[in-house]
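Written out below as structure tokens is the structure these notes cover.
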Amino acid sequence: MASQRLIEDVHPSSESRRTHSSTLLARRRRQRSERSTAHLNAIPHGRRPYVEPIEELAFGYMNARCRHCHALHWLAERLKRSSLSSPQFSLCCHNGKVLLPSLPHPPQQLHRLFVDDTTDAKQFREKIRQYNCALAFTSFTAKELDVNSRGGGPWVWKAGYTIYHRTGTLFPNIPCTPTYAQLYFFDPLEALDYRMNRNDNLQRATMEALQNTLLDINPYKNVFLHAFEILQRIPSTDLSIRILADPSTDLRRYNIPTVDEIAIILPGQQDHAMDPRDIVLHNRRGNLEFIHDHNSAYVPLHYVLLFPYGTPGWTYGLPHKRTETQEGNESLMTQNQNTKHITQVQFYSYRLHCRENEFPILQYGGRLFQQYVCDVWVSTDQNRLRWVESHQPELRATLYSGLEDAVGHGEEDVNLHDVGHRVVLPSSYIGGPRYMNQRFQDAIAVARHYQGFDLFITFTTNPLWPEISGALLSLQSAADRPDLTVRVFNMYLTSLIDELTKHNIFGVTLGYVYTIEFQKRGLPHMHLLLTLSPHFRPSTAEQVDTMIRATWPDPIAEPRLFDIVKRSMVHGPCGPAKRDAPCMKDGKCSKGFPKAFQEQTVMTRDGYPIYARPNDGRVYDVRGFSADNRWIVPYNPYLLSRFDLFFSCPLSQ
């Protein structure tokens, strides 16, 4: 037996050889499979063969509450140092430092017009800016830009940088008809006739209901009426009345204001305000007076439909919320002259958030809300510019201003009479020339260091994102809520940068620069330049094809990608199909569409690829015209499917 085993070991049987061979073959197949899997895992997600389903990015519902002010957030907006179980937020109340009163619930008539689906309520929301202007105490002046006449998109309010509110005399100059605050001194029916004569496209019943509501509840009506009565009793035509903006009231009280708390009226021969926030009212003579944006009445005097109770706006001196320790040391707080105050950004950020148990009257404002947001932002930025102007010595502006700066710009013929006082905007002022130049130099330095950029990515807001549609109020569209649009865009932007730099979906990222802009119709979008490590840089047509497509997806194998491409990544119609398209310049498409058919990707001498656009017979109807591969904007399948938005991703050299 022992000799037999020895013979089998030295000369195995055919059956033993077959078993051994099959085992060895299975081991080799398994090793090849593991190597193939490891190789596939080593390929970045954005360059792997696209296979559905792809996990869609989602942030859930806006149902996380701030523990300080009860504002509603998405969990992705929490501070990085906070956890999912105990999130902390700073956008709304600066992590508990800002506490403002809840806006009062609007009167029943106004509430109905905001939320009902009736014909008169729809007409009110569509014409809300016109209704508000007819009922306001002060006029609103801005250089409005017409971006809605061409159609094809949501309504957007857009204006130049100069916005101001003004108030006129209390008595109309003959033969002028009364307007704005002057109408509050007339009989209600007579005032209604004047308003309807100037706004014959509005509904009289709605105007009458709003007028009567404001006469009943708005406290500024009594302030102007009291000033009117004083000037009427005194025969002098040169007399003026100064409404003090800062009466001796406790600025920490935020109850609905009474007449005495709003202003103190002082008759006198003063044509100008002693405090820039004061409001000067004249009898009949005098020019229009500007309302300073530091005045707490700046906003409620004009936006009477958003603040029907005259709720005061921002003014300087509003303190931060006191902690329990500070409340116990009242004397210490009184002695401390460096107590922090609420800034304009903090004040209006607080107001722009929805909260539980508070009717969102601002957010229901629609087109008037858009105007309000632009108005208060311009005021905020103007105050920053005022601070820069008044603190030039601290900013060392003498290094740049005057004769040295004029000569330094290379001007050949410098007229010394034209060289005056120059206000220098430091590089810390966002959007200023020095800020933009510094950012440009930084971007050029990155490009020089890494020898250029590899990808140019355009990332645009999708108004159909579920986070936006799920947070809209009843009967609203994304165009009515620019606050939601920007917040959701910022969450997606942060996730995209994480995908590119932390998850390295295209390969190891060395550097990137980006800028955020707003389209003509209000949606934010980003342009990003990305540079990859040399190992991952696409240098051949095959490598480009792993990253970028410019063709229709297969509607059967890739249904989700096909729907997104059809909705977001088809250019046009333009050219002969639509000669008035925005992209048309001198009778041609400024973007070069339709492109020529191209059977395969080709790398040109200058490094720019010509993407494959084969004439494969795939033609689909999009927005009323037939689109083939020549009309497809280049995209990355993984990013497009994951983020569900317009996502252009061409190469950059």
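Please treat every number below as a calculation from the coordinates, not as lab data. What you are looking at is a predicted structure, and each value in this text was computed from that prediction instead of being measured. Ideal geometry is used to build each Cβ from the backbone, glycine not excepted, and the neighbour counts take in all protein chains shown.
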Which trypsin sites (Lys or Arg not before Pro) in segment 40-120 pass both tests, a DSSP loop state and at most 10 other beta-carbon atoms within 10 Å?
-> Lys80, Arg81
Taking a crude spin-label model, label points 7 Å out from Cα along the C-beta direction, the Phe625 to Gln476 distance in nm is 3.5 nm
For Ala121 and Cys176, extending 7 Å from Cα along the Cα-Cβ vector and measuring point to point gives, in nm, a value of 3.9 nm
With a 10 Å Cβ neighbour count serving as the proxy for reagent exposure, in which order, fewest first, do Thr461, Thr343, Thr177 appear?
-> Thr177, Thr343, Thr461
May I ask you to list the trypsin sites (Lys or Arg not before Pro) in segment 550-653 that are in a DSSP loop and have at most 16 other Cβ atoms within 10 Å of their Cβ?
-> Arg579, Lys591, Arg605, Arg618, Arg623
Sum of side-chain charges, Gln600 neighbourhood, beta-carbon under 13 Å (Lys, Arg +1; Asp, Glu -1) = -2
Obtain the nm distance between the two label points defined at Met436 and Ser86 by a simple spin-label model: each point lies 7 Å from its Cα along the Cα-to-C-beta direction.
-> 4.6 nm
Nonlocal amide H pairs with Arg613, under 5 Å, H built at 1.01 Å = Gln598, Glu599, Gln600
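Under a Cβ-Cβ cut-off of 14 Å, what is the net charge of the residues other than Pro87 that fall near it, where Lys and Arg count +1 and Asp and Glu count -1?
+4
For a 21 Å ceiling on Cα separation, which of these pairs sit above it: Lys566/Lys595; Lys122/Lys578; Lys97/Lys340; Lys566/Lys591?
Exceeds cut-off: Lys122/Lys578.
Below 11 angstrom from the Cβ of Val622, what's the summed charge of the other residues (Lys, Arg +1; Asp, Glu -1)?
Net of charged neighbours comes to +1.
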Gain in length, Leu79 to Gln519, computed as 0.36 nm per residue apart minus the alpha-carbon separation, to one decimal in nm?
-> 155.5 nm
Scoring segment 433-648 by relative contact order with C-alpha pairs under 8 Å, at least six apart, yields a percentage of 22 percent
